[in-house]
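Reviewing the structure listed below.
Where a number appears in this text, it was derived from the coordinates with a stated rule and is not lab data. Bear in mind the structure is a predicted one, so any value in this text is a computation, not a measurement. Don't worry about glycine lacking a Cβ; one is built from the backbone with ideal geometry, like all the others, and counts go over all protein chains shown.
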Amino acid sequence: MDALNLISRSQGFYVRAIDDGPIEEWPEFFTDDAFYKVTTADNHSRGLPAGVIWANNKAMLKDRVSALKDANIYEPHAYRHMLGQPAILEEDRTGATSETSFLVLRVTGNGPTDVFASGRYLDEYVFIDGKALLKKRIVVCDSSRIDTLLVLPL
């Protein structure tokens, strides 16, 4: 399978785990030493390292899921991701880098459906046993304002 197919397949199941669950599957799309960050386009273009969400390994991602399930108190809501076609920027037999546009809609309780976030995924993948696993995902949100209800991963 080529890089585009591996990455597209992985991304489809990635957003499915977030949107439809089980959310516990989300960290399994990452390598053990993965890096994950959610930031704004302005912060990213200025090279600022801080992120709204920041994790430097899979254990931190699992901890985030555990907190979502057991510790955090937030208004019930759900996401629906819409993904663009991944642009493969570099690839070889062991991995690839890609950029993918996204749009995330949010549904809260019995409320309306709102545009929650738009932006792009900047990804580094490794190919292991016929799967594309994220070594690094930087989520760059277009808006400089990120909703405080960002509890689920993007």
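Under 12 Å from the Cβ of Ala96, count the other residues' Cβ atoms, weight Lys and Arg +1, Asp and Glu -1, and hand me the total. Present the calculation step by step, with values, prior to reporting the outcome.
Values: positive: Arg93, Lys135, Lys136; negative: Asp2, Glu90, Glu91, Asp92, Glu99, Asp123, Glu124.
Overall, the nearby charge balance is -4.
Of the lysine pairs in the range 3-141, how many meet both conditions: Cα atoms under 21 Å apart, and a spacing of 8 or more in sequence or different chains?
Total qualifying Lys-Lys pairs in the range 3-141 comes to 12.
What are the ³J(HN,Hα) couplings of the range 11-22, residue after residue, when phi is run through the Karplus curve with 6.51, -1.76, 1.60 and θ = phi - 60°? Round to Hz, x for glycine and proline.
For the range 11-22, the Karplus curve yields 5, x, 6, 4, 5, 5, 4, 6, 6, 10, x, x Hz.
Between Leu4, Trp26, Gly51, whose Cα lies farthest towards the positive end of the dipole of the chain when Lys and Arg beta carbons carry +1 and Asp and Glu beta carbons carry -1, centred on the Cα centre?
Value computed over the given set: Gly51.
Which order do Val115, Val104 fall in if you start with the one that has the fewest other Cβ atoms within 10 Å? Intermediate results must be reported in sequence, preceding the final value.
Details: Val115 10, Val104 23.
Final ranking by Cβ density, sparse to dense: Val115, Val104.
For the chain, what is the largest minus smallest coordinate of the Cα atoms on each principal axis, given in angstrom and ordered from greatest to least?
The principal-axis extents, from largest down, are 45, 33, 26 Å.
Got a sec to turn the phi values of the range 106-117 into Karplus ³J(HN,Hα) couplings, 6.51 cos²θ - 1.76 cosθ + 1.60 with θ = phi - 60°, whole Hz, x for Gly and Pro?
10, 10, 10, x, 9, x, x, 8, 10, 6, 9, 7
Residues with amide H under 5 Å of Ala34's amide H, sequence separation 5 or more or different chain, H placed in the peptide plane at 1.01 Å from N; which?
HN-HN under 5 Å from Ala34: Lys58.
For the range 3-141, give me the percentage of DSSP beta bridges that are antiparallel, rounded to the nearest 5 percent. The partial results should precede the final answer.
Values: 38 of 45 bridges.
In the range 3-141, approximately 85 percent of DSSP beta bridges are antiparallel ones.
Which residues make up the longest stretch of the chain that has no trypsin sites (Lys or Arg not before Pro) in a DSSP loop with at most 15 other Cβ atoms within 10 Å?
Working: sites that count: Arg46, Arg93, Arg145.
Counting at most 15 other Cβ atoms within 10 Å as exposed, the longest clean stretch of the chain is 94-144.
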